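The values are calculated or read from the model by the stated rules, or taken from the named source; none is laboratory data. Treat the numbers as computed from the prediction; the structure is a model and nothing was measured. In this analysis, Cβ positions are derived from the backbone assuming ideal geometry, glycine residues included, and neighbour counts consider all displayed protein chains.
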């Protein structure tokens, strides 16, 4: 596992509706140690997803540095696995092919990547759905697949963008507990975005409160695990 | 490379802000290119006229009144054919949509006659009606009616039965259910059908005018073809393209979108 | 998306028996129509020069099959459609994908392709025959045009309609540019591409018949148009039936199932 460092991050963009440049992120610095689970919370529009998109490499930062381990981020890459709010599974691939997608991109042969993907599907309790297409699965199952798709690619940092916001409350609790179980075993460095304070406190070692594009405060969560 | 990407990015932003300008701007370099190729004399002028030639012919034909008269003929034929097509197509579509027996009996027949295609009727129609309005109208009605019937039927079938039951339980009589539930419910699909039908219909009109015509834009083009003059052909194509672009992009598509999106219906065809 | 999937109730029986029953329910009304035809013709005493009887059409069918002329016309027409369509798809799909990758390029090219796809097909016949003369070149050009612009435009629409998060997901899993095209953009645009091919072929098929009436000396359109000169309605009707059956086979057996398979399997909802 590697650390994730955000240093004096700024993001401004041109808003056609307003006609001027708007500041989305203002001087955000954040240090996430190896194996640490940090949650960023804030209301809609506070810029938390912008931060994640910059860390993922989907958006360029206007100013500032993003460093994974000791390498600065330039565009998307497999060192940072992303779990999306709306799952973002490729609809034309079966679940097992979705989970094995990153391995395929690395040139791993079909039998080997199917074996690895199957291991991860078992980890998420999805082995029975391996040959199904994403639209045949419930939201909860799709997001399980989304999580293990990111994990199967062995990222150094896991980026999660409100991953449980699109599923029902019951499923959300199950998924949170499963995430804790998996994280407990593997100790990924995690940047977790959510608007749900309860979720942040339940999951994270440290909660960063974001408001209007800057960090309001950072709160270490010292409640011993497992939390209930 | 980066400069190009940035310029493209700027263009995308600009296009999003000024959609009308962005719809026109791309034609500027295309016309310039066309002009350049024509001026360079790569192809003989008679085969490949320059924009000023086409403009000149546009002005001449407009001044002589030929272009307006032909345009009127074409639009009149299209309007007549489309009106009849709609008047026949929507009731038939509702019948096919509502009645299982009618659907089983008529669906294959509809598909088969649609498959024959309007243009294949032309020789037979020429024998029946000669070179006249009858042939033109028949071809356009024939073209318009199938997409309208098929899409209307689909629209009627896509109305959730609860809506009909709700109206029934609120005390609506049968014809009220027809006018207040089924017709508006099927409207997005009807519009899709109409849009498709018109798309085929005006092509059928052009074909009919080319093959049997004595006036109209299609005739203008084919007459020019016989005389070996590309100028009027290109003019005819531009007029047709513009005309259809206006009808489709500014009238039909917005209506279709308005009915479909307003009501939150996704029209699947 | 013009023609639509036939919403015919399906029998509940398994496999082959169900397909057979489905086919039977589909063919039955056409058979009835076919049986009514001679009755109507004789009941109203229709002149053979206005509409032919079944026997005459049958005789024309036997004659044109035995002397090989029908086969020659069908082969010519299908060959032109296949050549024009294949060429158009091979050029249009990569171009559409390339255009769709960049928002600026697609904003620039969309109005152009829209304009030309609106013009596609029959309107090109006069200029095509002027440029290429009467024959294979002009007709293939018309078909190419009908398919090319519509497929390119639909591919472009399909690529731009792919949710950004899918492209992001693939990129973050390490997809190269090439993999992005083959694994995300092409499959994502496939439903639109198939729809485009279906619509474009519909225009191309009509354009073909029209062009053959004017610009050639072999093909189904030519067969119809020559028969008109001699008032041979039985040959015209035979040609129409052949045209109808051919298109029905192309559309129902190849295009519609392809469209349905991609759209339904992946649950990609297609807006008309």
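Within the range B:202-220, which residues are surrounded by 24 or more Cβ atoms within 10 Å (Cβ to Cβ) and more than 19 Å from the chain's Cα centre (by Cα)?
Scanning the range B:202-220 gives B:211, B:213, B:220.
Just to verify a result, which residue in the range A:125-144, among those that are under 22 Å from residue A:203 (Cα atoms) and surrounded by fewer than 24 Cβ atoms within 10 Å (Cβ to Cβ), is farthest from the other protein chains (Cβ to nearest Cβ)?
Step by step, filter the range A:125-144, then rank; the result is A:125.
Please find, within the range C:1-31, the residue that is modelled with the highest pLDDT out of those that are within 12 Å of chain B (Cβ to nearest Cβ), assigned to a helix (DSSP H, G or I) and surrounded by fewer than 12 Cβ atoms within 10 Å (Cβ to Cβ).
Here the residue is C:31.
Could you tell me whether residue B:64 is within 9 Å of another protein chain (Cβ to nearest Cβ), farther than 19 Å from residue B:204 by Cβ and free of Cβ contacts under 8 Å to residues at least 60 places away in the same chain?
No.
Scan A:190, A:167 and give me the residue that is part of a loop (DSSP other than H, G, I, E, B), more than 14 Å from every other protein chain (Cβ to nearest Cβ) and either closer than 23 Å to residue A:94 by Cα or at pLDDT 90 or above (or both).
Only one candidate qualifies: A:167.
Quick one: how many residues across the range B:32-58 are loosely packed, with under 11 Cβ neighbours inside 10 Å and at pLDDT 85 or above?
So the answer is 2.
Which one of C:78, C:87 is in contact with a helix residue (DSSP H, G or I) (Cβ under 9 Å, 6 or more places away or on another chain), within 23 Å of residue C:245 (Cβ to Cβ) and modelled with pLDDT of 85 or more?
Unique residue meeting the criteria: C:78.
Given the criterion in the same structural domain as residue A:224 (by TED's automatic domain parsing) and closer than 24 Å to residue A:183 by Cα, identify the matching residue among A:5, A:20.
On inspection, the qualifying residue turns out to be A:5.
When only residues in the range B:239-254 that are facing chain C (nearest Cβ under 9 Å) and surrounded by fewer than 16 Cβ atoms within 10 Å (Cβ to Cβ) count, which is modelled with the lowest pLDDT?
B:249
Give the residue that is nearest to the other protein chains (Cβ to nearest Cβ), with candidates limited to residues of the range A:54-71 that are touching a residue at least 60 places away in the same chain (Cβ under 8 Å) and buried (at least 22 other Cβ atoms within 10 Å of the Cβ).
A:56
Every residue, every condition in (1) in contact (Cβ under 8 Å) with a residue 12 or more places away in the chain; (2) away from chain C (no Cβ under 14 Å); (3) more than 18 Å from residue C:110 (Cβ to Cβ), yes or no:
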residue: B:5; (1), (2), (3): no, no, yes
residue: B:14; (1), (2), (3): no, no, no
residue: B:41; (1), (2), (3): no, yes, yes
residue: B:44; (1), (2), (3): no, no, yes
residue: B:58; (1), (2), (3): yes, yes, yes
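Pick out the one residue from C:60, C:28 that is over 30 Å from residue B:16 (Cα atoms) and touching a residue at least 12 places away in the same chain (Cβ under 8 Å).
After ruling out the rest, the residue left standing is C:60.
Could you list, in sequence order, the residues of the range B:1-28 that are under 27 Å from the mean Cα position of the chain (by Cα) and part of a helix (DSSP H, G or I)?
B:15, B:16, B:19, B:20, B:21, B:22, B:23, B:24, B:27, B:28
Can you tell me which residue within the range C:148-165, out of those that are surrounded by fewer than 22 Cβ atoms within 10 Å (Cβ to Cβ) and within 30 Å of residue A:155 (Cα to Cα), is nearest to the other protein chains (Cβ to nearest Cβ)?
C:165
Inspect the range B:158-169 for any residue being within 21 Å of residue B:252 (Cβ to Cβ), within 27 Å of the chain's Cα centre (by Cα), surrounded by 24 or more Cβ atoms within 10 Å (Cβ to Cβ) and within 11 Å of chain C (Cβ to nearest Cβ) and give the result as yes or no.
no
Only one of these conditions is not met by residue A:86: (1) touching a residue at least 24 places away in the same chain (Cβ under 8 Å); (2) surrounded by fewer than 24 Cβ atoms within 10 Å (Cβ to Cβ); (3) touching a strand residue (DSSP E or B) at 6+ places or on another chain (Cβ under 9 Å). Which number is it?
Of the numbered conditions (1) touching a residue at least 24 places away in the same chain (Cβ under 8 Å); (2) surrounded by fewer than 24 Cβ atoms within 10 Å (Cβ to Cβ); (3) touching a strand residue (DSSP E or B) at 6+ places or on another chain (Cβ under 9 Å), the odd one out for residue A:86 is (3).
Residue C:166 passes all but one of (1) more than 30 Å from residue C:213 (Cα to Cα); (2) at pLDDT below 90; which number fails?
Result: residue C:166 fails condition (2) only.
Go through the residues of the range B:184-199 one by one and say whether even a single one is more than 25 Å from residue B:113 (Cα to Cα), in a helix (DSSP H, G or I) and away from chain C (no Cβ under 11 Å).
Yes, the range B:184-199 has at least one match.
If you check residue C:130 against the conditions, is it modelled with pLDDT of 90 or more and more than 21 Å from residue C:197 (Cβ to Cβ)?
no
Of everything in the range C:90-147, what is farther than 21 Å from residue B:249 by Cα, crowded, with 19+ Cβ neighbours inside 10 Å, touching a residue at least 60 places away in the same chain (Cβ under 8 Å) and more than 12 Å from every other protein chain (Cβ to nearest Cβ)? Give them in sequence order.
Within the range C:90-147, C:92, C:93, C:97, C:139, C:140, C:143, C:144 qualify.
Suppose we filter the range B:226-243 for residues that are assigned to a helix (DSSP H, G or I) and over 25 Å from residue C:112 (Cα atoms); how many remain?
Going through the range B:226-243 one residue at a time, the tally reaches 2.
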